[in-house]
Amino acid sequence: MLLFRAFRQVEKIDRESVRQLGFRCATDFAVLEILFHQGSLTVSAIGERVLLTSGSVTTAVDRAEAEGWVRRESNEKDRRSVRVVLTEAGKKRIEEAYARHAFTLEGGFMGLSSDERKDLSKLLVKVARGGKETPAH
C-alpha cells in the first residue's frame, strides 16, 4: 500500500507538470518523449514501451501529427509498416518540455538525500525486474 501511495504522489506531480507544459495529456508527452530517446518507432512499438494500447497511441500520434510534431513514414523494408518520426518542430518541443519536466519531477524527491535517491533508484529497478539484482557495471 505504501508503494502505491508513493506512486500516486509521483503520478500527480507528473500529470500536473505535463499539463503545465501545455500537453493535452500524459500520453501525448509520452509519445514525443519515447521518440526523442529511441528514434522512429511503429505505433505498436511505442505502445509496448509506454504501456498503452495501439488505439491510445494512434490517437496521440494523430494529435502530434496535427501539431506538426511528428510525421508517419512508410517502412522501406516492410511497406505494411509505418514508422512515427519526430519532426524538427517536435524535437524542439520535446527537448524543451523534457528538461522542464525532469526538473519538476526531481523536485518531488528533494526531501531525499543524494544517497537516498540512489538507493531508491536501485530498489525500484530491482522491483521492476521482478526482484532480480541490477547487473554490476
Query raised in the report: What spacing in nm lies between the two simple spin-label points modelled at residue 126 and residue 54, each 7 Å away from Cα in the Cβ direction?
Result: 3.8 nm
Query raised in the report: Restricting attention to the range 8-45, which trypsin sites (Lys or Arg not before Pro) occupy a DSSP loop and are surrounded by at most 14 other Cβ atoms within 10 Å?
Result: 24
Report task. With a ≥ b ≥ c taken as the square roots of the eigenvalues of the C-alpha gyration tensor of the range 21-74, please select rounded if a/c is under 1.5 and otherwise prolate if a/b is larger than b/c or oblate if it is not? Result -> rounded
**Report entry** By average C-beta atoms within 10 angstrom, highest first, the peptides 60-67, 33-40
**Finding:** 60-67, 33-40
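Counting helices only, and only those DSSP H runs with n ≥ 4, report the 222 nm mean residue ellipticity of the chain as the sum of -39,500 (n - 2.57) divided by its residues, in deg cm²/dmol to the nearest 500.
-21000 deg cm²/dmol
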Query raised in the report: Normalised by the number of residues in the chain, what is the relative contact order in percent for Cα pairs under 8 Å and 6+ residues apart?
Result: 22 percent
**Report entry** Charge dipole (debye, nearest 20) of the chain; +1 at Cβ of Lys and Arg, -1 at Cβ of Asp and Glu
**Finding:** 260 debye
Query raised in the report: Among (1) 17.0, 51; (2) 22.2, 77; (3) 15.3, 53, which one is Rg and Dmax of the Cα atoms in Å computed from these coordinates?
Result: (1)
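Rule-based calculations on the coordinates, nothing more; no lab input. Worth saying up front: this structure is predicted, and the values here are computed from it rather than measured. Here the Cβ is made from the backbone with ideal geometry for all residues, glycine too, and neighbour counts use every protein chain on show.
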